[in-house]
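*Asks:* My questions all concern the structure below.
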Amino acid sequence: MRMIPVDLSGLTVMVAQPPHPKMKDRKNGLIAVDAETGKSLMSVDVLFVGNGNAEVVTVVVIEDDISGDLATGTPVAVTGLIARPWENEFNGQKKHGITFRAAAVTSLAG
């Protein structure tokens, strides 16, 4: 699968929603895990602000790679952010989008 590195230089980055478990199966309460390490995955809604625009995206990161208190509004560093395009078919309808994965999300609050 194609992975596209994301350049965050010049952007202000902060937490929009605190980390929460990434669900593999909401119906059965199964939490998603990293395919390589088997560790739990978390989703963090992050606000990117720059060039007069603001956008909230959900970033997936291994739970162990989240550092500090990530409350709403906390400035953060997002390390190793990549975008992955995806496409699936659900009930005969094609759907597509972009997922974001980071190596780490770290609080910059002092």
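*Asks:* Here's a check for you: in region 21-47, which residue that is in contact with a strand residue (DSSP E or B) (Cβ under 6 Å, 6 or more places away or on another chain) and of a type outside the set (A, V, I, L, M, F, W, C) is modelled with the lowest pLDDT?
*Replies:* Lys24
*Asks:* Something else now. Would you please list the contacts, defined by Cβ atoms under 6 Å and residues six or more apart or on different chains, that run from a residue in region 3-28 that is without any contact (Cβ under 8 Å) to a residue 60 or more places away in the chain to a residue that is in a strand (DSSP E or B) and open to solvent by 60 Å² or more (accessible area, probe 1.4 Å)?
*Replies:* Listed pairs, sorted by first residue: Ala16/Val56; Pro21/Ile31; Lys24/Leu30.
*Asks:* From Gly29, Gly50, Gly73, Gly97, grab the single residue that is open to solvent by less than 50 Å² (accessible area, probe 1.4 Å), within 22 Å of Met3 (Cα to Cα) and either in contact with a His (Cβ under 6 Å, 6 or more places away or on another chain) or not acidic (Asp, Glu) (or both).
*Replies:* Of Gly29, Gly50, Gly73, Gly97, the one residue that is open to solvent by less than 50 Å² (accessible area, probe 1.4 Å), within 22 Å of Met3 (Cα to Cα) and either in contact with a His (Cβ under 6 Å, 6 or more places away or on another chain) or not acidic (Asp, Glu) (or both) is Gly97.
*Asks:* Restricting to region 68-110, give me the number of residues that are polar (S, T, N, Q), in contact with a strand residue (DSSP E or B) (Cβ under 7 Å, 6 or more places away or on another chain) and assigned to a strand (DSSP E or B).
*Replies:* Final tally of qualifying residues: 5.
The values are calculated or read from the model by the stated rules, or taken from the named source; none is laboratory data. As the structure is a prediction and not an experimental result, all values here were calculated from the model. With ideal geometry, Cβ positions are generated from the backbone for all residues, glycine too; neighbour counts draw on all protein chains shown. These area figures cover heavy atoms from the full protein model, side chains too; ligands, DNA and RNA do not enter into them. Shrake-Rupley method; radii C 1.70, N 1.55, O 1.52, S 1.80 Å.
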